[in-house]
Amino acid sequence: MLLKCQPSNPEKKDPEFDALRDDLEKFGQKDPGLITTRGLLVNGNTRCAALRELGEKYIRVGVLPDDASWDDINTVELALQLRKEHKRDYSYINRLLAIDEQIKQNRRPDDIAREFRIKTPTLEQDRWIYTVIREAIGRSSTSPEGPSLRWVDFEDHQEKLRELHRAYVKVAATDKNAAEALKESRLAMIVLGYAKTDVRLAQADFYDKYLAPKLPEPMKPDVKGPSKLKVPGLPGVSVPDAAPTTKITKALTDSLLQAKALAQAGGKAPPATVEKAAAQIKAAKEAFDRALDPAGRDARLLQRKLAAPERLSDACDNIELCIAELAEASAKRALDETAFDDAVIRLRSMLQKLAKQARRTFPEPGDGVAWLLESMKDER
């Protein structure tokens, strides 16, 4: 029974279910479930399953009014599920599906966010992730009757998907095609089961710069198509097609989504097909592993290059705050002049050391470094 299983892996027993069952065995049922007059258990299904496992014949319930509509039932069920009590919380995927149900009922986003106790931007993020997962599931099937990925396959990837959304929005602000390429590369890595620290290495240029040279030739997508696409219903109107890298990356991700669905299809697909899909996933994983090595080295190098400038930028921010606080303290006559003077002496000492290191580092200093060296010349 699914109520007893882990949301992310229905083949395994959920420890939270066992904890709920043990709590019921030790303390009994403290809160009633909720049922309609027609016998539909609206709230308390997991408790019902746990009580059955304990051999109990009955569950205490409250009965909804006979005139309760489906909208009323959905609203009550949602409110009860989101209460923080000794029961299983909504899984991440169930929450995405529940939010979508609320959207389909034409409820205002602000009201939905309030129900789920989240901020409106978080709601928009969850809606974007819902769309990405839904499209990925559709893309994973080669035919209407063929195997496809399931919603539960994305249960454990909440943080990766949220990071993907943040990275996508940031890049899309200046380059939509680059954002799409980034999304496809990261989605492929999520499907392959990479950790969050690896997934974030996939930037917009990941395919061209790191992955393409490592991919076996049979796995490289052969994408051809027009440079412009016609707009349906508008004769003579066309729009630019996606950039080549975006199309290629999307085609690769499609093949991996389909291979993943077939590899875990079990008896729903011929054994030879399942074996071939599993081999494709393995080959892709090996190619991505090799691509991540140089991508990781470049990322670490970039971090080292930016570390010193970012430290100095943070110091400038602190000095800017100090200026405002100094003005306020002066106006209120609440300044410890001795302590401030000591801090300025320490600042001078730090600037002297910075100038000394900058002199060694920059043989041809720019305007900023030249100013620092000139300012500290008499302080040596």
| query | Say R0 is 56 Å: what FRET efficiency, to the nearest 0.05, do A173 and D23 get from their beta-carbon distance? | reply | 0.70
| request: Only helical DSSP H runs with n ≥ 4 go in: add -39500 (n - 2.57) per run for the chain, normalise by residue count and round the 222 nm mean residue ellipticity to 500 deg cm²/dmol. | output: -20000 deg cm²/dmol
| query | What is the extension gain from R38 to A265, computed as 0.36 nm multiplied by their sequence separation minus the C-alpha to C-alpha distance, in nm to one decimal? | reply | 78.0 nm
| said: If the reach is capped at under 14 angstrom between alpha carbons, list the aspartates and glutamates near K30, excluding any in the same chain fewer than eight residues apart. | reply: D22, E85
| If one takes the longest principal axis of the Cα atoms in the chain, at what angle in degrees, from 0 to 90 and to the nearest 10, does the Cα axis of helix 337-361 lie? | 90 degrees
| request: Work out, step by step, the length gained on full extension between E163 and A212: first 0.36 nm times the residue separation, then minus their alpha carbon distance; give nm to one decimal. | output: 15.3 nm
| request: At 7 Å along the Cα-to-beta-carbon direction for both E275 and R114, put a label point, then send me their distance in nm to one decimal. | output: 6.0 nm
| note | So, with points 7 Å from each Cα along the Cβ direction, the E364-D31 label distance in nm works out to 7.0 nm
| message | Give me, ordered by chain and number, the residues 5 or more places off N43 or on other chains with an amide H under 5 Å from its own placed amide H. | response | L34
| Residue by residue, what Karplus-based ³J(HN,Hα) values in Hz, rounded to whole numbers, does segment 106-113 have, using 6.51, -1.76 and 1.60 with θ = phi - 60° and x for Gly and Pro? | 6, 7, 5, x, 4, 5, 5, 4
| request: Excluding residues fewer than 8 places away in the same chain, name every one of the lysines whose C-alpha is closer than 16 Å to that of K260. | output: K250, K268, K276, K282, K285
| message | Can you work out the Karplus-derived ³J(HN,Hα) for every residue in segment 34-42? Use 6.51 cos²θ - 1.76 cosθ + 1.60 with θ = phi - 60°, whole Hz, and x for glycine or proline. | response | 9, 9, 8, 5, 8, x, 7, 7, 7
| Nearest 10 degrees, 0 to 90: what angle lies between the long axis of helix 92-104 and the longest principal axis of the chain (Cα atoms)? | 80 degrees
| remark: Longest principal axis of the chain (C-alpha) makes with the long axis of helix 120-139 (C-alpha) an angle, in degrees to the nearest 10, of 60 degrees
| message | Whole-Hz ³J(HN,Hα) for each residue in segment 49-58, computed from phi via Karplus 6.51 cos²θ - 1.76 cosθ + 1.60 with θ = phi - 60°, x for glycine and proline: what do you get? | response | 5, 5, 5, 5, 5, 7, x, 6, 8, 10
| What length, rounded to one decimal in nm, is gained on full extension from L351 through to S313, with 0.36 nm per residue of separation minus their alpha-carbon distance? | 12.3 nm
| In nm, spacing of pseudo-spin labels at D293 and K12 (7 Å Cα→C-beta vector) | 3.1 nm
| Charge sum, other residues only, whose C-beta stays under 15 Å from S330's C-beta, Lys/Arg counted +1 and Asp/Glu -1 | -3
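Just so you know, all these numbers are worked out from the coordinates, no wet-lab data involved. The structure presented is a predicted model; accordingly, all values stated were derived computationally and were not measured. As a convention, Cβ positions derive from the backbone with ideal geometry for all residues, glycine included, and neighbour counts pool all protein chains shown.
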